[in-house]
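> Could you have a look at this structure, given as structure tokens, before my questions?
The values are calculated or read from the model by the stated rules, or taken from the named source; none is laboratory data. What you see is a predicted model; the values in this text were computed from it and never measured. So basically every Cβ, Gly included, is an ideal-geometry build from the backbone, and we count neighbours across all protein chains shown. These accessible areas exclude ligands, DNA and RNA; they are computed on the full protein's heavy atoms, side chains included. Shrake-Rupley method; radii C 1.70, N 1.55, O 1.52, S 1.80 Å.
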Amino acid sequence: MSDTLLCWHAERAGLDVLEGALGKLAEHGIQISRVMYLIQAQSHARIPPSINDARVEPIRIDLVDPTRHQLIYEAIQEQVLPRLNTVAGRLHLNLSPGTPAMHSVWLILHAGGVFAPGTRLWSSQPDRLDPVQFEVSTYLAEIRRQQRLDPKVPSYNPEARSAARREAMNSLFRYARVTGAPLLILGERGTGKSRLVETQVATLKQRPNKVVTLACGGLESTLAESLLFGHVKGAFTGAAQERKGLLAQANGGILFLDEIQDLPRPVQRQLVRVFQDRQRRYRPIGSDKEISVDFELVCASNLPMGQLRERLDEDLCDRLSHLCVSLPALRDCREDLHEDWQRVWGDCRVDADLPVTAPWSNALAKRLAEHPLTGNLRDLQRLAALCMAWFEPGNEAHWLDKALQQWSGAAHDSSTAELIRMGSREEQTKYFHAELALRTKATEGSWKAAAKALDCSVKTLQRDAEGYRGLPEELKY
Ligand SMILES: Nc1ncnc2c1ncn2[C@@H]1O[C@H](COP(=O)(O)OP(=O)(O)OP(=O)(O)O)[C@@H](O)[C@H]1O
């Protein structure tokens, strides 16, 4: 398929520049069949209908002053951008013709992602044509990606307002500094355990930039073993290549085992053995050679200590419980919520149009004061996403209200489900029965009709509904 070239008519060098560029592009194996040729409206140059088999499409722009960037942009927006939809093949942009001011305009448009992915930039002189490899849009995208993946912002302020968080941070700062002893971080899901390990813990342990993480959920024993310890080629069917395990990768850094309770028991035992050895020696699967590694072990779990104990190998649990920090849930440190919301907002805000400081109102303060926040920081992230979706410049009260309405609506179901999932089997069954009773009453219209639909007595249903006692009022159906 042949391509399109977009460029400016260089008044002084005339059509020679275009002809030269077309020739050089052909040397690169690029066939141009169409040229979108921007030219001053006042220019007297005669533009031929085609050059070197390429159809030349003059686009006359009334622009006397090439440093009027805003006007150039508007002209391009009106006269060039709509035509980009009709480009077949790839778009090439020759940056060089025109004034240096024009070069900046092209680059800015490219950086803003105006041109389709795959558009190639070229810089030319009559005797040369060089690709411009500096992909501005990719560069910006990369910065944004890094900001998300590699957050440098410490997750929590150690000088927290609430006593619960201050105490947790105080313990964290003391415990994380102890070398050679595993650190255990407990906290409900979304309390920021992983982020804490990647930022503050890694810094305190003086091993920044090297946190090797294994999410232990859903791994069966042999896979978990091979991921952690690695294997030699041919160690088992399918082991076509040698694989370096995470323990080896974490050498000199931190091995972070997230949701440690899900690590299969036999692998937990193996880990204990490595940890009992001062030199941290182990054998990759199928190898007869021992490897010695140096890493700090940090584990996290969203279970409280009592439940975690039931899921962990006894020895491993004993080792892990020496230095254990419990991160409080957000609803237990509401004094910090204003700051948390600012931080989450700053974290999620990518679009420069959005306000730098997080939106705030009395209604939001009230919602934050009473919301169960069972998803912790993720609830705040959901609110931030809704704010971004409803955002309209200059009308904060309106879009914030809209976002809050949606947030409250969506919170109902997920929060109820969340709370129900948190209890013991007995409690969960109780909540389930209560939910069933109340929902059936709501759909059938009365206790009598609900009892008939479920084939039980009204008394049974009303007793079941009592099971919701203890749930926050707003979560009851
Ligand atoms: N202090 C913070 N400020 C703003 N955002 C944060 C903060 N800490 C974590 N986050 C963000 O909140 C989300 C939840 O954090 P994280 O994954 O660390 O929690 P977690 O406790 O490990 O959750 P889970 O147990 O579900 O893995 C992530 O998207 C993270 O980037």
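> Residue 50 - would you say it is touching a residue at least 24 places away in the same chain (Cβ under 8 Å) and within 21 Å of residue 3 (Cα to Cα)?
It is false that residue 50 is touching a residue at least 24 places away in the same chain (Cβ under 8 Å) and within 21 Å of residue 3 (Cα to Cα).
> Out of (1) open to solvent by 10 Å² or more (accessible area, probe 1.4 Å); (2) among the hydrophobic types (A, V, I, L, M, F, W, C); (3) out of contact with any strand residue (DSSP E or B) (no Cβ under 8 Å at 6 or more places or on another chain), what's the single condition that is false for residue 227?
With (1) open to solvent by 10 Å² or more (accessible area, probe 1.4 Å); (2) among the hydrophobic types (A, V, I, L, M, F, W, C); (3) out of contact with any strand residue (DSSP E or B) (no Cβ under 8 Å at 6 or more places or on another chain) applied to residue 227, the lone miss is (3).
> Which condition from (1) at pLDDT below 90; (2) touching a Ser or Thr at 6+ places or on another chain (Cβ under 7 Å) is the one that residue 209 breaks?
The failed condition is (2).
> Right, another one. Just the residues that are more than 14 Å from the ligand (Cβ to nearest atom) and open to solvent by 30 Å² or more (accessible area, probe 1.4 Å), please, taken from region 330-356.
331, 332, 334, 335, 351, 352, 353, 355, 356
> Let me ask something else. I'm trying to understand the selection: among the residues of region 319-358, which are in a helix (DSSP H, G or I) and not charged (D, E, K, R)?
Listed by number, the residues that qualify are 320, 321, 330, 337, 338, 341, 342, 344, 345, 346, 348.
> Just checking: which of the helices (runs of 4 or more DSSP H) contained wholly in region 24-127 hold 3 or more residues that are modelled with pLDDT under 85 and either farther than 22 Å from residue 13 by Cβ or open to solvent by 50 Å² or more (accessible area, probe 1.4 Å) (or both)?
So the answer is 69-79, 100-111.
> Taking region 276-301, which residues are under 34 Å from the mean Cα position of the chain (by Cα) and open to solvent by less than 20 Å² (accessible area, probe 1.4 Å)?
284, 293, 295, 296, 297, 298, 299, 300, 301
> Could you please find all residues in region 166-224 being part of a loop (DSSP other than H, G, I, E, B) and within 16 Å of the ligand (Cβ to nearest atom)?
Residues satisfying the conditions are 187, 188, 189, 190, 191, 192, 216, 217, 218, 219.
> Looking for something among the hydrophobic types (A, V, I, L, M, F, W, C), within 16 Å of the ligand (Cβ to nearest atom), open to solvent by less than 30 Å² (accessible area, probe 1.4 Å) and modelled with pLDDT under 95 - is there at least one such residue anywhere in region 357-368?
yes
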